[in-house]
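Encoded as C-alpha cells, the structure appears first; notes follow it.
Readers should treat all values here as calculations from the given coordinates under stated rules, not as data from a laboratory. Since this is a predicted model, take the numbers as computed values, not measurements. Positions of Cβ are generated from backbone atoms using ideal geometry, with glycine treated the same way; all protein chains shown enter the neighbour counts.
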Amino acid sequence: MPMIDVYAPAGTFRDRAKLVRDLATAVMTIERVPNIPLFRQNTAAFVHELPLDSLSNVDGDHACVRVQVLTNAGGLDREKQLGVVAELTRIVAAAANDASVKERIWVLLTEAPDGGWGLAGHAHTNAELRRDAPRGRYRRSHRRRDTPRNPHATRRARGRPCRSPSRARRR
C-alpha cells in the first residue's frame, strides 16, 4: 500500500486530481501489490503545494519537485526501484506546466520498518500484510470488539444469503 507525497511550488501542475491518481496507479502497478480493494483504497498520493518563498535550491531557483514514495520494507527490489523512479518522473513532468522542471524532479524511495505500517489502528508487520490482505482476512483478523459475532448477521452484511432463513429471522 504505497503512499506518495509530491511537494512542489503552487501552480506547478495543471490537473492535480489526474496527477495523484496516475501516481498511485503507477506505484501500485510497479510494486505488483494485489489488485484488491484493501490496496486500491489505501494506495494514495498527495500533492503539497508550497508558496514560492518556501523552497529553493542554492541558486535561488524554486522550480523543483520532490516526490517521496513510502512502501513497506522490501517492497521494491532494484528493478522496481528503477521503474518507480522513471515512471513517476515521467508522470510528474507530463503534469507540470513548465517542461524544464523535468531536470529537477527528485524521487525519494523510503521504506516503513517492519511493523511500522499502521492502518485501521493496527501496526502491521510485512508478514501480516502478505498473509492476511490477499485472502481478504485483513478486516476479520483485526475486527473491532463491537462487531457482531452472529454469523447470519455477518453473512447478511456481506450480501450473502443465510444458510438457515428461519434462524436468521429469530434474531
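Charged neighbours of residue 76, selected by a Cβ distance under 11 Å, balance to -1 (K, R count +1; D, E count -1). Computed over all pairs of different Cα atoms, the Kirkwood value for the hydrodynamic radius of region 1-79 is 13.8 Å. Across region 104-118, computed HN-Hα scalar couplings (Karplus, 6.51 cos²θ - 1.76 cosθ + 1.60, θ = phi - 60°) run 10, 9, 9, 10, 10, 9, 10, 10, 6, x, 4, x, x, 10, x Hz from first to last residue, x flagging Gly and Pro. Residues whose amide H falls under 5 Å from that of residue 50, counting only those 5 or more places apart or on a different chain, are 8, 10, with hydrogens built in the peptide plane.
Secondary structure note: in region 3-112, about 30% of the DSSP beta bridges are antiparallel.
With contacts taken as Cα pairs under 8 Å at a separation of at least 6 residues, region 3-112 carries a relative contact order of 39 percent. Sticking with the crude label model, points 7 Å out along Cα→Cβ, report the distance from residue 98 to residue 68 in nm, one decimal please. About 2.2 nm separates the two model spin labels.
Whole-Hz Karplus values for region 121-127 come out as x, 10, 8, 8, 8, 4, 4 Hz, taken residue by residue from phi with 6.51 cos²θ - 1.76 cosθ + 1.60 and θ = phi - 60°; glycine and proline positions read x.
Determine, for each peptide in 97-103, 56-62, 122-128, the mean count of other beta carbons within 10 angstrom over its residues, then list the peptides with the highest first.
Sorting 97-103, 56-62, 122-128 by mean packing, highest first, produces 122-128, 97-103, 56-62.
Between the amide H of residue 124 and those of 117, 118, 119, distances stay under 5 Å, these residues lying 5 or more places away or on another chain, with hydrogens modeled in the peptide plane. Full extension of the chain between residue 15 and residue 32 gives 3.5 nm of extra length, using 0.36 nm per residue less the Cα-Cα distance.
Seen from residue 86, the other residues with C-beta closer than 13 Å to its C-beta sum to a net charge of +2, counting Lys and Arg as +1 and Asp and Glu as -1.
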